[in-house]
Amino acid sequence: MLHRSGGGGHPPRWGLTAREQEIAELAADGLTSAAIAARLVLSTRTIDNTLGRVYTKLGVAGRQDLNRVVRAPSLPK
């Protein structure tokens with residue numbers, strides 16, 4: 001059976017699941033959906049769908065906003 005860490009060892013933040021946080025951090029690091037999918041052995045569509053949920057939860061419009069939120073010391077109110 002294959003086991004995955006599902007979060008890189010960081011506790012979930014911003015109300016995201018561990019997997020959503022992992023994908024958000026990789027996207028904020030500049031990885032494309034295809035690169036994230038290859039790294040996590042998921043489909044590109046799964047990554048894009050997950051990022052859509054992340055954007056909604058964080059109230060951001062896209063990757064540039066995501067980078068600002070993920071790299072901020074704490075989530076603004």
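The values are calculated or read from the model by the stated rules, or taken from the named source; none is laboratory data. Small disclaimer: the values here were computed from a predicted structure and weren't measured. A quick note on method: Cβ atoms are made from the backbone with ideal geometry, for glycine too, and the neighbour counts reach across all protein chains shown. Remember, those area values only see protein heavy atoms, side chains included, never the ligands or the DNA or RNA. Shrake-Rupley method; radii C 1.70, N 1.55, O 1.52, S 1.80 Å.
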Is it the case that some residue within segment 9-21 is modelled with pLDDT of 95 or more and in a helix (DSSP H, G or I)?
yes
Please find, within segment 56-75, the residue that is nearest to A27 (Cα to Cα) out of those that are in a loop (DSSP other than H, G, I, E, B) and open to solvent by 30 Å² or more (accessible area, probe 1.4 Å).
A61
So how many residues does segment 35-55 have that are farther than 20 Å from R13 by Cβ, aliphatic (A, V, I, L, M) and open to solvent by less than 60 Å² (accessible area, probe 1.4 Å)?
3
Pairs, please: C-beta under 8 Å, at least 6 apart or cross-chain, first residue without any contact (Cβ under 8 Å) to a residue 40 or more places away in the chain and in segment 25-45, second surrounded by 13 or more Cβ atoms within 10 Å (Cβ to Cβ) and of a type in the set (D, E)?
S33/D48; L40/E22
Can you spot a residue in segment 28-38 that is assigned to a helix (DSSP H, G or I), within 22 Å of A72 (Cα to Cα) and not polar (S, T, N, Q)?
yes
For the list (1) under 12 Å from the mean Cα position of the chain (by Cα); (2) modelled with pLDDT of 95 or more, I need the number of the one condition that K57 fails.
(2)
